[in-house]
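Here is the structure we will look at.
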Amino acid sequence: MSLDHAATKPHERLAAALADDMAAVNDMIAARMASEHAPRIPEVTAHLVGAGGKRLRPMLTLAAARMCGYDGPFHVHLAATVEFIHTATLLHDDVVDESDKRRGRPTANLLWDNTSSVLVGDYLFARSFQLMVETGSLRVLDILANASATIAEGEVLQLTAARNIKTTEDTYLKVVRGKTAALFSAATQVGGVIAAAPEDQIAALYAYGDALGIAFQIVDDLLDWQGGAGIGKNIGDDFREGKMTLPVIRAIAAGGAADAAFWSRTLEKRAQEPGDLDQALALLQQYGTLNSTRADALSWAERAKVALGVLPDHEIKGMLTDLADYVVARLI
């Protein structure tokens, strides 16, 4: 999901406030993605890292650490760790989804091959664990290791839920928490942990990241139906792939037998015909599931802002509040 076309850009203000730290993170990423014996590793990694992206997740780690008064060196290690985990998951996701474009450029699996993408992703996961260990914090290692496992679990759950019209909202939320929110919440939480913040502040940082990540993914799923300039995807991509997102799950639950037969044919059997996308969209509008999903996204963004209440007064806190609004800005 692109964040470029909302009214304001708090992620840019956050990047400016954290510019020195982000420069150090970028230097560390460049140094640690190197490989003396396998030059394809930095080639593949540089292709994806060089494609841009907001570096939102590592910025969240840096922001949390600074807001909690940290003045040591290891927030840089943790931010690089978070970015490596994220990059590794993107490499793996593009193989699983058979994607041919990422951030407007050909994917690594298309330019090289699936094997290279998977193995380089594995390398980045290994590098991320080396960086975690260097902090000397067993708690940090526990948080990020758990997040890595949760991400993989969420992707597998999404795989099993795809094309299953019996998928529930509870399962959908588990998928979202796994594939997206787990790394957001870990990114913010470890920033507080490395700063030795009080436990209520660490819990608040986790809650902020969790809610922000859920809002982020719900918006992404909703925009697959609503579209808009610069969102980086075509309307109906998820429908064509048989993904069970919240507007569809709610429409299936609200509909009758005839609707169920339509969803079974188009999603479970993937026997899609011309006009099916328009009919699917009409059903979502008929049952109001686009509006109810929008309300959920706004609610999660509000939860993220509320979670920041116990954190110290700091310019970063205002930026994180604005960021939560920004994620859902195109839905208003």
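Annotations
- The modelled label-to-label distance for the pair residue 279/residue 119, using points 7 Å beyond Cα in the direction of Cβ, is 4.7 nm.
- Environment charge of residue 42, counting only residues whose C-beta is closer than 12 Å and scoring Lys/Arg +1, Asp/Glu -1: +1
- Label zone of residue 314 (point 7 Å out along Cα→Cβ, amide N under 18 Å): in segment 131-147 this covers 140.
- Relative contact order (%) - criterion: Cα under 8 Å, at least six apart; region: segment 201-271: 22
- Rounded FRET efficiency, nearest 0.05, which uses the C-beta distance separating residue 291 from residue 34 and R0 of 45 Å: 0.35
- Model label points for residue 235 and residue 130, set 7 angstrom from Cα along the Cα-to-Cβ axis, are 4.8 nm apart.
- Violating pairs (Cα-Cα greater than 22 angstrom) within the set 54/317; 54/179; 166/243; 179/269; 9/179; 243/269: 179/269; 9/179
- Trypsin sites (Lys or Arg not before Pro) restricted to segment 230-332 and DSSP loop, no more than 12 other C-beta within 10 Å: 269, 270
- Inter-site label distance for residue 258 and residue 138 at 7 Å from Cα along Cβ, in nm: 6.3
- DSSP loop GluC sites (Glu not before Pro) with at most 13 other Cβ within 10 Å: longest gap in the chain: 99-332
- Note: relative contact order over segment 150-210, using C-alpha pairs below 8 Å and six or more positions apart, is 36 percent.
- Eligible aspartates and glutamates near residue 174 by straight Cα distance, threshold 17 Å, same-chain separation 8 or greater: 153, 155, 210, 220, 221, 296
- CD proxy at 222 nm, helix term only [per DSSP H run n ≥ 4: -39500 (n - 2.57); per residue of the chain; nearest 500]: -22000 deg cm²/dmol
- Relative contact order for the chain, counting Cα pairs under 8 Å that sit 6 or more residues apart, in percent: 22
- Dipole magnitude for the chain: computed about the Cα centre from +1 point charges on Lys and Arg Cβ and -1 point charges on Asp and Glu Cβ, it is near 260 debye.
Coordinate-derived values only; no laboratory data. All values reported here derive from a predicted model rather than from experimental measurement. No Cβ is skipped: glycine too gets one built from the backbone with ideal geometry, and neighbour counts run over all protein chains shown.
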